[in-house]
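Have a look at the structure below before the remarks.
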Amino acid sequence: MDYRILLQKENDAVRERYELSMERIRSMDTEEMGLPYGCYFKKVSAFIRRIERLAKRVEETGLNGEEGLEGTSLTLEALQEENYALYKDILPENYRESFANPDYAVEVLGDGYGQLLSFLYTEIRADIVYAFEMRLMNITILNELFLEVYNLFAQAWEEGKNAPLEQLIKDSLYWFVSDYAEVTVDWRIREGLDPALSFGTDIVMKRDLTDLRYLYAYGEYVSETEIKLASFMNSLPQETIDQMASTYTEGFRKGFQVMGRDLKKKRTVVVEFQLGFERMIRRAVEYFREMGLEPICYRAAVESVNRRANGRRGYYGTSPNKQYDYDHRYDSALYMGNAFKERKLAVLRSAYETYRKEAAWCAGPALVETFGEEGFAPENKKSALALNAHQEALTLAYANESRQIVNQYMPGDETSFTIIAFPKPEIGPDFEAVFRETIRINTLDYEKYQKIQQCIIQALDEAGYVLITGRDGNETSMKVALHPLRDREKETNFENCVSDVNIPLGEVFTSPILKGTEGLLHVKNVYVEDYQFRNLRMVFKDGKVTEYSCGNFEDMGEAGAAGNDKSAEAAGTDKDAGAAGNDKDAGAAGDAGDARRQGQALVKQVIMRNHDWLPLGEFAIGTNTTAYAVARRFSIGDKLPILIAEKMGPHFAVGDTCYSFAEDSPMYNPDGREVIARDNEISLLRKTDMSKAYFSCHTDITIPYSELGDIKAVRADGSLIDIIRQGRFVLEGTEELNEALDEADDGAAGLDCE
């Protein structure tokens with residue numbers, strides 16, 4: 001069935017409102033408007049009229065041309081021109097004078113009005129994808145909101161005023177987001193659960209993927225990245241595509257197998273990817289269908305009520321402008337409050353109740369991540385909307401409570417996931433070689449690593465705690481307390497993780513006991529969620545972060561602090577951490593104390609996720625020295641995602657454990673022993689107060705082998721077992737891992753890699 005047929009009834013019901021609103025917007029061209037706001041309304045109304053023409057074409061000719069899913073009568077050049085026209089206003093070269101830019105909006109429209117009207121325009125820009133998906137309801141309600149705000153100004157002009165009261169505009173925006181949450185939030189839940197909403201799936205499975213015009217059928221921004229990726233994928237032999245897709249889908253299946261969960265009870269799987277990977281995704285869908293799973297391909301959210309502040313989930317194209325995304329990451333500051341939090345939770349609960357059956361059928365997400373793009377150095381703008389301390393607390397509370405609702409309908413102990421990553425062309429001239437090496441890394445010998453890692457686990461299970469130290473300037477000195485084992489023949493502390501849910505393989509991990517876990521975690525350079533941290537330090541006491549800092553702002557003047565090393569966002573939003581966010585008197589870097597406060601703000605925002613403290617949720621030892629060698633050989637260590645980087649040395653994760661919401665489900669290693677370290681003192685609070693048990697975050701920090709000193713397991717009698725000594729595996733049975741480390745050192749000998 002054509003996806004749009006499902007929307008026909010809804011579109012027919014709203015069509016009169018849609019046409020009336022478009023007619024009214026067209027008539028605005030002839031009206032006198034007061035300056036400077038008239039410029040804004042003319043600009044935005046012109047954009048809406050473009051959307052009207054686009055929607056008409058899509059409705060009349062199919063998804064992207066007369067032949068619909070079978071092809072398009074439009075040339076590639078015509079589609080490229082259309083795509084550029086839709087997104088040109090927010091592209092970096094034009095963004096300086098775009099009303100989507102809060103700086104420009106405030107400059108032209110004034111402080112207060114600028115932020116509100118920039119928010120409105122940004123919401124209206126979601127019309128692009130609504131037009132491609134023929135969601136007339138969403139276009140209509142945004143048209144009506146635009147007209148409501150315009151009428152406030154028109155009335156003010158009639159009364160001889162320059163503008164209406166700012167609060168009137170804010171009220172209109174607030175009630176729009178709140179009242180229509182039943183449309184926007186409900187749809188967001190449905191599109192992540194219902195395979196009948198097959199807009200994305202139809203493109204993947206029915207279009208001619210050798211004709212790159214298919215990329216423009218989504219309505220996403222299409223850059224050279226997507227063109228090059230799709231072309232490269234088309235150049236690969238079918239055997240390679242099969243291997244990539246099989247590794248990905250088998251990882252998902254193995255996740256259920258390893259966790260002892262019944263995949264046969266499930267009917268759907270959520271498939272997430274970047275545009276350009278469709279050839280692999282098509283093959284993966286075929287493999288999933290052989291498992292009895294229908295794909296759900298849903299788009300990354302476009303409206304503020306559903307967007308994530310960090311990262312995107314679903315399918316997506318390259319961002320037309322990361323600064324634009326960054327400027328609007330906290331647009332929820334316009335409406336987040338106690339009442340809205342409860343309103344959104346109520347709508348979320350109602351939506352899951354409506355789609356209860358679909359939620360029970362969903363097996364979980366299968367993600368294809370990408371890496372290789374240049375680092376983003378954001379500008380922190382005082383004009384951008386920002387959460388205050390109360391709103392931060394409400395946002396964290398919403399995340400916690402919403403996760404509990406989701407878990408009621410999709411229990412964590414009944415679903416699984418898988419994640420795999422591949423490079424993008426931006427990684428440089430070695431792209432094809434790095435891609436081939438990534439495939440190799442993703443398909444390393446499962447049984448070989450399982451056996452080596454079992455040796456590590458056997459040694460660690462003799463210990464009461466583990467000592468981890470750094471070298472060559474790394475000051476790490478950590479003690480990690482382990483759960484006592486009653487019977488080592490039947491129980492273990494560490495999970496033997498190979499290539500199932502997290503691809504590539506290569507780690508053993510545990511949930512430490514918090515009491516007795518203490519020390520300093522220090523990394524000279526580490527990337528966390530695309531942000532580089534220099535001299536990151538985190539102090540733990542009884543397993544909880546008590547102090548944190550980074551050196552990103554040391555020896556930097558005002559200009560440097562604004563742009564280098566992806567850390568300008570450090571100016572942050574948390575006043576308690578010394579952030580400069582809304583403090584108009586704060587300098588960019590200032591004295592040492594100011595630099596320290598800004599560094600703390602960066603850590604709190606990105607790693608701590610605005611929590612005042614977090615527990616140590618995971619300790620792991622990565623064993624994928626092959627990945628480390630590849631990173632050194634191609635000098636791409638700073639571009640690898642945490643999915644790969646966490647396998648390249650020991651890592652520590654702050655936040656929830658790896659078993660959150662599934663702690664009571666037994667987990668067994670391949671040797672048959674139960675992994676009993678699934679809880680810590682915080683997660684156990686779920687038995688008395690669920691709100692205190694989880695943090696809705698899990699952030700990994702890896703110490704690379706080059707900075708690693710020793711890892712020693714300490715028995716109850718104080719005797720030591722060396723696992724790693726001066727960055728090399730010395731435990732019997734693990735020595736083979738050093739071959740890749742030696743290769744990395746040899747390959748880097750002539751390079752200035754540090």
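When you go through Phe509, Phe422 one by one, which is the residue that is in contact with a His (Cβ under 9 Å, 6 or more places away or on another chain) and not in a helix (DSSP H, G or I)?
On the way: Phe422 fails: in contact with a His (Cβ under 9 Å, 6 or more places away or on another chain).
One residue alone meets the criteria, Phe509.
What residue, among those in segment 142-165 that are surrounded by fewer than 20 Cβ atoms within 10 Å (Cβ to Cβ) and not in a helix (DSSP H, G or I), is nearest to the chain's Cα centre (by Cα)?
Checking each candidate, the answer is Leu165.
Can you work out which of the residues in segment 501-551 that are within 27 Å of Glu379 (Cβ to Cβ), modelled with pLDDT of 95 or more and of a type in the set (Ser, Thr, Tyr) is surrounded by the most Cβ atoms within 10 Å (Cβ to Cβ)?
Tyr548
Restricting to segment 591-648, what's the tally of residues that are surrounded by 24 or more Cβ atoms within 10 Å (Cβ to Cβ), closer than 23 Å to Asn680 by Cα and small (Gly, Ala, Ser)?
Number of matching residues: 2.
Condition check: more than 29 Å from Lys451 (Cβ to Cβ), of a type in the set (S, T, N, Q), at pLDDT 90 or above and not in a loop (DSSP other than H, G, I, E, B). Does Gln605 satisfy that?
Numbers: more than 29 Å from Lys451 (Cβ to Cβ): yes; of a type in the set (S, T, N, Q): yes; at pLDDT 90 or above: no; not in a loop (DSSP other than H, G, I, E, B): yes.
So Gln605 fails the test.
Mind checking which helices (runs of 4 or more DSSP H) fall wholly inside segment 166-219 and carry at least 1 residues that are buried (at least 20 other Cβ atoms within 10 Å of the Cβ), hydrophobic (A, V, I, L, M, F, W, C) and more than 25 Å from the chain's Cα centre (by Cα)? Full working, then the answer.
Numbers: elements: 166-179, 181-191, 199-206.
Passing ranges, in order: 166-179.
Taking Ile139 as the residue in question, decide whether it is of a type in the set (Val, Ile, Thr), over 30 Å from Phe288 (Cα atoms) and touching an Asp or Glu at 6+ places or on another chain (Cβ under 8 Å).
Numbers: of a type in the set (Val, Ile, Thr): yes; over 30 Å from Phe288 (Cα atoms): yes; touching an Asp or Glu at 6+ places or on another chain (Cβ under 8 Å): yes.
So Ile139 fits the description; yes.
Would you tally the residues in segment 93-104 being closer than 18 Å to Ala386 by Cβ and either without any contact (Cβ under 8 Å) to a residue 60 or more places away in the chain or in contact with a Leu (Cβ under 6 Å, 6 or more places away or on another chain) (or both)?
Narrowing segment 93-104 to residues closer than 18 Å to Ala386 by Cβ: 100-104.
If we keep only those that are either without any contact (Cβ under 8 Å) to a residue 60 or more places away in the chain or in contact with a Leu (Cβ under 6 Å, 6 or more places away or on another chain) (or both) as well, we get 104.
Of the residues in segment 93-104, 1 are closer than 18 Å to Ala386 by Cβ and either without any contact (Cβ under 8 Å) to a residue 60 or more places away in the chain or in contact with a Leu (Cβ under 6 Å, 6 or more places away or on another chain) (or both).
Check segment 657-670 and report whether any residue there is assigned by TED's automatic domain parsing to the domain that holds Ile452, crowded, with 24+ Cβ neighbours inside 10 Å and modelled with pLDDT of 90 or more.
So the first thing to find is which residues in segment 657-670 are assigned by TED's automatic domain parsing to the domain that holds Ile452, and the list is 657-670.
Now narrow it down to the ones that are crowded, with 24+ Cβ neighbours inside 10 Å: 657.
Okay, now just the ones that are also modelled with pLDDT of 90 or more, so 657.
Yes, segment 657-670 contains at least one residue that is assigned by TED's automatic domain parsing to the domain that holds Ile452, crowded, with 24+ Cβ neighbours inside 10 Å and modelled with pLDDT of 90 or more.
When you go through Ile128, Ile139, Ile227 one by one, which is the residue that is assigned to a helix (DSSP H, G or I), in contact (Cβ under 8 Å) with a residue 12 or more places away in the chain, touching a Leu at 6+ places or on another chain (Cβ under 7 Å) and within 26 Å of Ala105 (Cα to Cα)? Show your work before the answer.
On the way: Ile139 fails: touching a Leu at 6+ places or on another chain (Cβ under 7 Å); Ile227 fails: within 26 Å of Ala105 (Cα to Cα).
Of the residues listed, the single one that is assigned to a helix (DSSP H, G or I), in contact (Cβ under 8 Å) with a residue 12 or more places away in the chain, touching a Leu at 6+ places or on another chain (Cβ under 7 Å) and within 26 Å of Ala105 (Cα to Cα) is Ile128.
Any residue in segment 409-422 that's more than 30 Å from Leu229 (Cα to Cα): show its pairings with residues that are among the aliphatic types (A, V, I, L, M) and surrounded by fewer than 19 Cβ atoms within 10 Å (Cβ to Cβ) at Cβ separation under 8 Å, as long as the two are six or more apart or on different chains.
These pairs meet every condition: Tyr409/Ala360; Met410/Ala360.
Just to be sure I understand, how many residues within segment 14-33 are assigned to a helix (DSSP H, G or I) and touching a residue at least 40 places away in the same chain (Cβ under 8 Å)?
Our first condition is that a residue be assigned to a helix (DSSP H, G or I); within segment 14-33, this holds for 14-30.
Imposing the further condition that a residue be touching a residue at least 40 places away in the same chain (Cβ under 8 Å) reduces the set to 14-15, 17-18, 21-22, 24-25, 28.
The qualifying residues number 9.
Of everything in segment 57-98, what is buried (at least 16 other Cβ atoms within 10 Å of the Cβ), part of a loop (DSSP other than H, G, I, E, B) and either at pLDDT below 95 or touching a strand residue (DSSP E or B) at 6+ places or on another chain (Cβ under 7 Å) (or both)? Give them in sequence order.
Result: Gly62, Leu63, Asn64, Gly65, Gly71, Thr72, Leu74.
What about Gly276, is it buried (at least 21 other Cβ atoms within 10 Å of the Cβ) and within 30 Å of Lys357 (Cβ to Cβ)? So that I can check it myself, show each step before the final result.
Working: buried (at least 21 other Cβ atoms within 10 Å of the Cβ): yes; within 30 Å of Lys357 (Cβ to Cβ): no.
So Gly276 fails the test.
The values are calculated or read from the model by the stated rules, or taken from the named source; none is laboratory data. Just so it is clear, the model here is predicted, and its values are computed rather than measured. Virtual Cβ from ideal backbone geometry, glycine too; neighbours counted across all protein chains shown.
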